[in-house]
Each structure stands twice: as C-alpha cells, then as structure tokens.
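Q: One structure coming up, written as structure tokens, with questions to follow.
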C-alpha cells in the first residue's frame with residue numbers, strides 16, 4: 001500500500017515542473033506513469049526533495065531513477081513534449097528544428113529557472129487515461145474510485161491553478177486536451193465562458209486580465225502536427241521575451 005499521508009499531500013501540493021515566472025504555461029490533463037512501485041518511488045523522491053510545488057524535471061527524475069538524463073549523447077524526443085517545445089520555441093521567435101527540439105528537451109524544458117512551465121490539472125500519474133489502479137494501492141476513501149477522485153480534487157486543483165495564474169501573471173496559458181471531464185475546467189480556470197472564445201484552427205483563444213489563453217487538442221491526438229503548434233506559438237511571439245543561446249532557437 002502507498003503512504004496515505006504522503007499521497008494526499010502530493011495530490012494537494014504538487015503541480016508539475018519548471019518555473020512559475022515563465023511567460024508561457026502549459027496545463028495538461030494528467031501525467032502518465034507506471035505501476036505501484038514507480039508511484040511509490042515518485043512519492044518518496046518528492047518527499048526527500050522537500051515536497052515542492054514545482055520540480056526540476058530532470059533533477060527529479062534523475063533522483064528517482066539514478067540515471068543522468070542530461071549526459072546521454074542523444075535523448076529520445078517525448079511525443080507530448082515535442083509539440084509543446086515547437087510552440088515554445090516559435091513563441092520565443094525561434095525557428096524550431098528537430099535537433100533544436102531535442103536539445104531544448106534535454107537541457108531546458110521543465111527545468112528550474114528555465115522560463116518554461118508544465119502543469120497538470122489532475123495530480124496522480126496513470127498509464128492510461130481510463131485506468132484507475134489507486135483503489136487497490138491505498139486506503140484513502142477519496143481515491144477508491146475515479147469518480148470519487150475527480151469529485152474531490154478536480155475543482156480544488158482548478159481553483160488553485162486559477163489562483164496561481166492570478167499570482168504570477170504569465171503572458172500565455174495553453175491548456176491541452178479536449179476530453180470532456182478535463183476540458184470543462186479550462187474556461188473556468190481562465191474565467192471566460194467557452195462560448196466567448198474564438199475558434200482558430202481547431203484551437204480556441206481568448207484573453208482576460210492581460211493573459212492570452214489557448215485551448216489546444218492534445219499533442220498526440222489525431223491530426224496534431226508540429227507545424228500547427230509552431231504556427232500557434234508564432235502568433236503569440238510578441239508577448240514573449242526570453243533570450244536563449246542560439247542552439248535553442250534554431
């Protein structure tokens with residue numbers, strides 16, 4: 001069984017990776033993950049590193065796996081992150097290339113003080129969107145079923161994300177994923193009814209309080225192409241000022 005106190009604390013307090021001062025925030029549905037032992041290791045590592053609201057993505061995973069991710073000669077490009085990086089690089093007035101994306105993933109994305117920010121609406125990693133293994137891994141009533149989990153955490157975390165936006169004032173917030181049980185929270189976090197958003201190439205866009213909000217299809221959904229993410233990033237390039245070495249902008 002998983003540690004109940006630690007699991008609930010993680011679900012309440014951990015929101016993702018990177019830097020809340022970043023001009024662009026990506027907010028996804030939930031993180032993918034492995035089996036019970038993988039989750040236990042995630043929790044224990046998060047606890048040992050100080051129970052942070054945001055983690056350094058490489059430092060956290062290196063601590064969890066004892067593998068130096070940044071010294072690999074060639075990292076595998078992660079399909080979801082790939083689209084986010086195309087958007088980020090184009091928004092920073094770069095011209096993304098595949099090797100530039102690979103370098104950005106290896107050294108920049110989700111790192112502490114990186115001017116990048118990856119957040120999740122729901123806190124607990126799962127192998128697939130429809131699975132729910134936590135009912136057998138814990139004696140926490142709020143986690144006995146997927147429906148109880150959503151009832152307890154979804155609005156609470158959506159409210160917290162809305163407050164984080166108010167507190168840190170990012171320039172652009174990109175919500176990704178249109179599954180109804182998740183995406184119903186995107187307009188509420190932004191504070192704008194979905195009927196008031198503009199359509200833009202299967203994306204939805206709006207603005208409130210100086211923040212440009214965008215709802216995108218999931219990066220690995222059918223028809224989600226690098227070029228579209230790059231084009232949408234270029235649309236907000238005037239809002240984003242980040243200076244990086246040339247390798248990360250070409």
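Values quoted throughout were computed directly from the atomic coordinates according to the rules given, and no laboratory measurement underlies them. Owing to the predicted nature of the structure, the values given are computational and were not obtained by experimental measurement. With ideal geometry, Cβ positions are generated from the backbone for all residues, glycine too; neighbour counts draw on all protein chains shown.
Q: Compute and list, largest first, the equivalent-ellipsoid semi-axes of the chain from the alpha carbon gyration tensor, each √(5λ) rounded to a whole angstrom. Don't skip to the answer; put the middle values down first.
A: Numbers: eigenvalues 157, 104, 50 Å².
So the three semi-axes of the chain are 28, 23, 16 Å.
Q: For an R0 of 22 angstrom, estimate the FRET efficiency from the Cβ-Cβ distance between residue 196 and residue 162 and round to the nearest 0.05. Don't skip to the end; give the middle numbers.
A: Working: r = 17 Å, r/R0 = 0.75.
Once rounded, the FRET efficiency stands at 0.85.
Q: Any chance you could list P(r) for region 23-152, counting all Cα-Cα pairs in 5 angstrom bins from zero, rounded to whole %?
A: P(r) over region 23-152, rounded to whole percents: 2, 9, 17, 20, 20, 15, 10, 5, 2, 0.
Q: Determine, from the Cβ-Cβ distance of residue 241 and residue 148 and an R0 of 30 Å, the FRET efficiency 1/(1 + (r/R0)^6), rounded to the nearest 0.05.
A: Working: r = 44 Å, r/R0 = 1.45.
According to the calculation, E is roughly 0.10.
Q: Next question. Any chance you could run the full-extension gain for residue 21 through residue 112? It's 0.36 nm times the residue separation minus the Cα-Cα distance, nm to one decimal. Don't skip to the answer; put the middle values down first.
A: Values: separation 91, 0.36 × 91 = 32.76 nm, distance 1.01 nm.
Answer, rounded to one decimal: 31.7 nm.
Q: I want to check the label-to-label distance for residue 131 and residue 208. Put each point 7 Å from Cα in the C-beta direction and report it in nm to one decimal.
A: If labels sit at residue 131 and residue 208, their model points lie 3.5 nm apart.
Q: In addition: Could you work out how much longer the chain between residue 51 and residue 75 gets when fully extended? Use 0.36 nm per residue separation minus the Cα distance between them, nm to one decimal. Can you show the working numbers first?
A: Working: separation 24, 0.36 × 24 = 8.64 nm, distance 2.75 nm.
Using 0.36 nm per residue and subtracting the Cα-Cα distance, I get 5.9 nm.
Q: Just the ratio, please: alpha-carbon radius of gyration of region 84-183 over 2.2 N^0.38 Å, N its number of residues.
A: Numbers: Rg = 16.9 Å, N = 100, 2.2 N^0.38 = 12.7 Å.
Cα-based Rg divided by the globular estimate yields 1.33.
Q: Shifting gears a bit: Give me the percent relative contact order of the chain, please, defined on Cα pairs under 8 angstrom at least 6 residues apart.
A: Details: 411 pairs, mean separation 78.3, N = 250.
So the answer I get is 31 percent.
Q: Can you give me the pair-distance distribution of region 61-126, C-alpha pairs, 10 Å bins, whole percents?
A: Calculated P(r), rounded to whole percents: 18, 50, 29, 4.
Q: Suppose R0 equals 35 Å. What FRET efficiency, 1/(1 + (r/R0)^6) with r the Cβ-Cβ distance, do residue 12 and residue 98 give to the nearest 0.05? Don't skip to the answer; put the middle values down first.
A: Numbers: r = 38 Å, r/R0 = 1.09.
It comes out at approximately 0.35.
Q: Now a separate question. Once you put a point 7 Å from the Cα of residue 231 and another 7 Å from the Cα of residue 65, both along the Cβ direction, what distance in nm separates them?
A: 3.4
Q: Mind sorting 10, 182 by how few other Cβ atoms lie within 10 Å of their own Cβ, fewest first? Walk me through the numbers before you get to the answer.
A: On the way: 10 19, 182 23.
In order of increasing Cβ crowding within 10 Å: 10, 182.
Q: Find the centroid of the Cα atoms in region 96-112 and in region 26-88, then give the distance between the two in whole Å.
A: Computed from Cα coordinates, the inter-centre distance equals 14 Å.
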